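Read the structure below first, then the notes.
The values are calculated or read from the model by the stated rules, or taken from the named source; none is laboratory data. None of these values were measured; they are calculated from a predicted model. Positions of Cβ are backbone-derived with ideal geometry, glycine not excepted, and every protein chain shown enters the neighbour counts. When the accessible area is computed, the model is the full protein with side chains, heavy atoms only, and any ligands, DNA or RNA have been set aside. Shrake-Rupley method; radii C 1.70, N 1.55, O 1.52, S 1.80 Å.
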Amino acid sequence: MISLTHLAAEQRSQDVTDWAARIGWVVGLLLVIALVYWLMREGWKWRGTLQGDLPELPEAPAEPGPAKLALTGRYHGSTTAGQWLDRIVAHGLGTRSRVELTLTEEGVSVVRPGAQDFFIPAASLRGARLDKGIAGKVLAEGGLLIITWSHGDRRIDSGFRSDHAAEHAAWVEALDAPGVTEDVKHTEHNQEGAR
């Protein structure tokens, strides 16, 4: 039989942890994370600088008229129209936020708590569609309401998701209505004639 003293003599204590090495690894890892974050932030700023030619965003008129449609949900960002990965960050268009959209005769009012509000005049609207993704956000097919509009010399796609996704279809129908597109074509024709 093995005696207790024999067992006690064979047991060894746990190796002492090298705290200096562990702290060094943790500090190194934190520095790498901070560097990556800083590079991402600088890239975001650089993209904003490259998009500096984008004019200031329009503000809503004092009296926009009665609301035709309204929704609350999330604003997921804006991209160059047709290029769903080319995010626009100038003037806060890259900032995701809660949103309240209101469609009136004058256009679409985009109210974003915690971010810059903007207004899409009716003459700038180019249509709407349902899609599944926009830069950095992919959902189920038809999960995003994409409003296409012109600002300066750019066409922009802005992505929204309503708290009640069933509301998206009414927005697409209203923004693709013949009256809206005829007004846009008429405005574009008048602007070309003025040049």
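Solvent-accessible surface (1.4 Å probe) assigned to Leu29 amounts to roughly 110 Å². Measuring only protein heavy atoms, the 1.4 Å probe finds Phe118 accessible over about 0 Å². When nucleic acids and ligands are ignored and a 1.4 Å probe is applied, Leu57 ends up with an accessible area of around 10 Å².
For the residues Tyr37, Tyr75, a 1.4 Å probe over the protein chains yields an accessible-area ranking, largest first, of Tyr37, Tyr75. For region 79-148, the relative contact order is 24 percent, taking Cα pairs closer than 8 Å that sit 6 or more residues apart in sequence and dividing their mean separation by the residue count.
Sorted largest first by accessible area at a 1.4 angstrom probe radius, with every protein chain in place, the residues Trp25, Trp19, Trp171 fall in the order Trp25, Trp19, Trp171. One quarter of the surface of the convex hull around the alpha-carbon atoms of region 124-163 equals 3.0 nm², the direction-averaged projected area. Label sites at Glu100 and Arg41, each approximated as a point 7 angstrom past Cα along Cα to Cβ, lie 3.2 nm apart.
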